[in-house]
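Accompanying notes for the structure given below.
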Amino acid sequence: MNFKRLSVGILITFIIGAALAFIQPDDELVTKIIAQLDKWRAEHPQEKVYLHFDKPSYAIGEDIWFKAYVTIGSEHKLSAYSETLNVDLIDDKDSVKRSLKLPLTAGLTVGDFALADTMAEGNYRIRAYTNWMRNESEAYFFDKTITVVNSISNRVFTKTAYTYSTLNGKQKVTAVITYTDLNGIAYVNKPVSYEVEINGKSISRGKGITDDKGNLTASFTNNLPVSITTGHINTEVKLDEKRTVAKSIPIKTIFNKVDVQFFPESGNLINGVFEKVAFKAVGADGLGVDVKGYIADDQNNQISELGQSHFGMGTVNFEPESGKTYKAHITYTDGSEGVFDLPKAVDNGYVLSINSMRDDKVFVSIIPGKNTGNGTASLSGLTLIAQSGGELCYAGKSKDGATSFSAAIPKNKFPSGIIQFTLFSAAGEPLNERLIFVQNPDQLKLAVTTEKQSYKPREKVTINLNAKNSEDKPIIGSFSASVIDESKVTTDEVNESSIFSTLLLASDLKGYIEKPNYYFTNISNQTKADLDVLMLTQGYHRFEWKQLLAGKFTPIVFKPEKSLEVTGHLKTFGGKPVPNGKVTLFSTSGGTFIIDTVADADGKFTFKDLVFRDSIKFVIQARTAKDRKNLDITLDNVSPQPVGPNKNTPDIQVNINDGASAYLLNSKKLYDEQVKYGIGNHTIVLKEVVIREKRENPFKNSANLNGPGNADQTLTTKDLQFGGGTLSQVLQGRLNFVIFKGGIPYSTRSQNTPMQIVLDGTYVEPDFLDNLAPSEVATVEVLRTIGNTSIYGSRGSGGVLVITTKRGGDAVYNKYAPGIATYAPKGYYKAREFYAPKYDDPKTNAQMQDLRSTIYWAPGLLTDKDGNTSMSFFNADAKGTYRVIIEGIDADGNLGRQVYRYKVE
């Protein structure tokens, strides 16, 4: 995506008539704008993140595989600014279920999430960001909503339809919930109780019995003074005397109101100027609603009809007259109508009109109102600039006395992506703003080929990739590829995120974008027109011009992470800094590690350039310069990024199992087959039981693979309150049939093999136990018998101690003793390798059914100097269409994506 930056002295204009328009910009204002933009880009370089997933949706028991691309600047080159990426898996209650810290190499990394069998089905979010990106709004993070279904332990499937009405002036919601089994057979005459939760508060309860179609009707009225942000109907259906199943159903909205807004091109309606006005109709669920209608004046004269809408967005053109007001008469798809006021037109001002529909040029015109400039309709003293990501692309200043302006700017002067045009007054005040989107033909040309178009099940397939740039020259680039079985996984190309829709579009806009990949799939004049309407209705606010020109930049709070580090301060117990103290950092997990440093004059110490795995435990020991240990160690804990509201709430699926019957059935068969042959890390599926007492579950954060609290013995923090000493000393005598040798636990069943310690879901060394203080521990679960240890395989041969800390896996800091502290910071996650069977290897189990939905995942494809690379794998057993998606980037920031399909017959 290379483009030539316009220097201040270059201006391309096409002058129409004798009294025209813009001259070369060499004045103080333009110079200042350029200088401030350059300073802003230098001090606030903009990083963006895109994650390429192996498929669009998942099932419990599967793995989420992804590759991350981190770019910087308007040219979207791979970033070397940050060297660490944070990726979070978040549930629909905005709780972080898993958090990864991944090392970046030249802006690239890979990762994965294992969807444990104990997880609940539902809507999840995956959020990715660098520490540097935290200086800007969370709205610019990568954030994608995915559905996760469950056929392994799930016995009840629901489908819900909402209707809305008004009762005594308040919104009433009626939900019809249908309960069925995996095969769609209704649960008839089953007692159901339910509780409605809105914004974290219970607002209604009820009960009933399912009818002959498995339906239950639940109604409630919202009495809260605030509108809904999140909500659920939590139900319990009693299948028989022994089984009661809990199901949580999302509530996206409590009314069916449609909001319609109008956006005059570049800002204001100007009397006497024929201009474009965009409109956007959005339902209460956040999705666009297609509407029809017309504009009428205050005499009810029809002025103009609304243009065709797409995702609820469209345009209308008309010329407002002074002294008149205008309304839009809207007709919805159900035949109902609504009337909305248009913004009031003004006599003074300008219309910044831009047509970007041509492939080669952008046409710009500035039209003044008749009374602008003391009634002379003058353009005198105006400055027009265009920028992308702080990079100046166009600048011009008007001639004195000019009354009109029109320019045609070649599109190759702009990078692909969002371009912001801004019109300034002579005093440097921003008057008008207009966004456009430039789609240059600069994407990579990816040629994907196979030897043939049809293959057999379990036959070996080789995919060849040749990558060239827009000039047909081979490129060296980094790519990721996934192969999925479309007979199992439902795909929707326009509803997916892609490297184009994320890095070029969504990463620069704050609001929700419906089906962003629509604008990059089968590009046509229609998709370009629809994308231009999106630009008219969606705001861009990476910075505010007034603050930028005044040099008031957003303060830098978070630094780019170049490596992992441990920092802190040495102080006396009176709070005074201890200069020149000696500090030692060491750990014995996985071998002895030790490093020393000296605190500075303010008592600050830093251990830089560290590389350590997640949940490793450090011990920090400090002494004064005179070798005294009576000092206080304070560590600099970086607070985790809080979870804000989901900007993609409209993507939440109320009925996540809709259209997924084939996927669900296959997921259950795959699970059964893996359990049969002892493949995969699966838990023992327990019967679904509802705990009716509203008590806090002390084991709720447990990572016990048998299920939280399912152990031979359990202890909670109350059991560890008495007695001092190390954790092993406290546990000695409290754990049945467990003995300790040198602080290492052994089961009496196997006294030669140490027990495996699992700390907050992470396997740690046997001698790690005494790095924990008893006060840090929330629960201890002892697994000794084969029924509880078998699920851990060889790791559990000596027994297992499952320990959950009070903070559930966050960085734990404990002032262990004067001059000593323990610390468990967030370390790097080591990504796993994707497994695919090789049927030409005699060691492969050919008897096991191959029911994979993700056939292959290759995140590390690199093209050579000729632009070539390839990958080979074996098909699964299923026949049908297999879909290949390849995405990637080259060193110049050129992006590529290609979808390819072949048959398995």
Listed peptides 292-303, 67-78, 467-478 by packing density, highest first (mean Cβ within 10 Å): 67-78, 467-478, 292-303
By count of other Cβ within 10 Å, fewest leading, how are 465, 29 ordered? 29, 465
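With the cut-off at 1.5 for a/c, could you classify segment 355-498 from its C-alpha gyration tensor as rounded, prolate or oblate? Please report the intermediate quantities before stating the final value.
Details: a/c = 4.06, a/b = 3.03, b/c = 1.34.
Prolate, since a/c reaches 1.5 and a/b exceeds b/c.
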As a check on your grasp of the helix formula, calculate [θ] at 222 nm for the chain: sum -39500 (n - 2.57) over DSSP H runs of n ≥ 4, divide by the residue count, round to the nearest 500. -2000 deg cm²/dmol
So for the chain, taking the charge dipole from beta-carbon charges (+1 Lys/Arg, -1 Asp/Glu), which of 703, 151, 891 sits furthest toward the positive end? 703
For the chain, take the longest principal axis of its alpha carbons; what is the angle in degrees between that and the long axis of helix 28-43, to the nearest 10 within 0 to 90? 10
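About the Cα centre of the chain, how large is the charge dipole given +1 on each Lys and Arg Cβ and -1 on each Asp and Glu Cβ? Please answer in debye to the nearest 20. Before the final figure, lay out each step's value.
Details: 103 positive and 101 negative charges, 431 e Å.
In total the dipole reaches around 2080 debye.
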For residue 305, enumerate residues with amide H under 5 Å from its amide H, sequence gap 5+ or separate chain, H modeled in the peptide plane. 295
Convert each backbone phi in segment 48-61 into a coupling constant with the Karplus relation 6.51 cos²θ - 1.76 cosθ + 1.60 (shift: θ = phi - 60°), then list the ³J(HN,Hα) values in order as whole Hz, x for Gly and Pro. 10, 10, 10, 10, 9, 9, 6, 7, x, 8, 9, 10, 4, x
Computed ³J(HN,Hα) along segment 836-853: with the Karplus parameters 6.51/-1.76/1.60, θ = phi - 60°, integer Hz and x for glycine or proline, the list is 9, x, 10, 7, 9, 9, x, 7, 6, 6, 7, 7, 6, 5, 9, 10, 4, 9
Pairs from 32/647; 67/668; 93/257; 67/473; 276/510; 32/468 whose Cα-Cα separation, in the structure shown, is over 32 Å: 32/647; 32/468
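What number comes out for the charge environment of residue 86, summing +1 per Lys or Arg and -1 per Asp or Glu over other residues with Cβ under 11 Å away? Walk me through the intermediate numbers first.
On the way: positive: 101, 127, 134, 826; negative: 88, 561.
Overall, the nearby charge balance is +2.
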Under a straight-distance cross-link criterion of Cα-Cα below 16 Å, which aspartates and glutamates are reachable from residue 826, leaving out those fewer than 8 residues away in the same chain? 83, 88, 561, 565, 609, 614, 636, 760, 810
When 617, 55, 830 are ranked with the fewest other C-beta atoms within 10 Å first, the list becomes 830, 617, 55
Where a ≥ b ≥ c are the square roots of the eigenvalues of the C-alpha gyration tensor, would you call segment 157-242 rounded, which needs a/c under 1.5, or, failing that, prolate if a/b is larger than b/c, or oblate? prolate
Local electrostatic count at residue 743 - Lys and Arg +1, Asp and Glu -1, tallied over other residues with Cβ under 10 Å: -1
Ranking 270, 740, 362 by how far each Cα lies towards the positive end of the charge dipole of the chain (+1 on Lys and Arg Cβ, -1 on Asp and Glu Cβ), the top one is 740
Could you list which residues have their amide H under 5 Å from that of residue 190, counting only those 5 or more apart in sequence or on another chain, with H placed in the peptide plane? 210
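Pairs of alpha-carbon atoms within less than 8 angstrom and 6+ residues apart define the contacts here; what relative contact order does segment 556-663 have, in percent?
Details: 161 pairs, mean separation 33.0, N = 108.
Averaging sequence separation for qualifying contacts and normalising by length gives 31 percent for segment 556-663.
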To the nearest 0.05, what FRET efficiency results for residue 186 and residue 901 with a Förster distance of 30 Å applied to their C-beta separation? 0.25
Indicate the gyration tensor shape class of segment 416-538 (rounded, prolate or oblate), computed on the Cα atoms with a ≥ b ≥ c the square roots of the eigenvalues: a/c under 1.5 is rounded; otherwise a/b larger than b/c is prolate and the rest oblate. prolate
Picking from 578, 904, 657, whose Cα lies most toward the positive end of the charge dipole for the chain (charges on Cβ: Lys, Arg +1; Asp, Glu -1)? 578
Setting aside same-chain residues fewer than 8 positions from residue 843, which lysines have a Cα under 22 Å from its Cα? 456, 460, 676
Between segment 230-281 and segment 321-344, how far is it from one alpha carbon centroid to the other, in angstrom? 21
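What ranking do 337, 121 get, fewest neighbouring Cβ atoms within 10 angstrom at the top?
Working: 337 11, 121 22.
Placing the least packed residue first, the sequence is 337, 121.
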Within segment 312-348, DSSP-loop trypsin sites (Lys or Arg not before Pro) with at most 12 other C-beta atoms within 10 Å are 344
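Give the relative contact order (percent, whole number) for the chain; include only Cα pairs under 8 Å separated by 6+ residues.
Working: 2167 pairs, mean separation 136.5, N = 905.
15 percent.
A short reminder: the numbers here are calculations on the coordinates, not readings from a lab. Just so you know, these numbers come straight off a predicted model, no measurement behind them. Cβ atoms come from the backbone with ideal geometry, glycine included; neighbour counts cover every protein chain shown.
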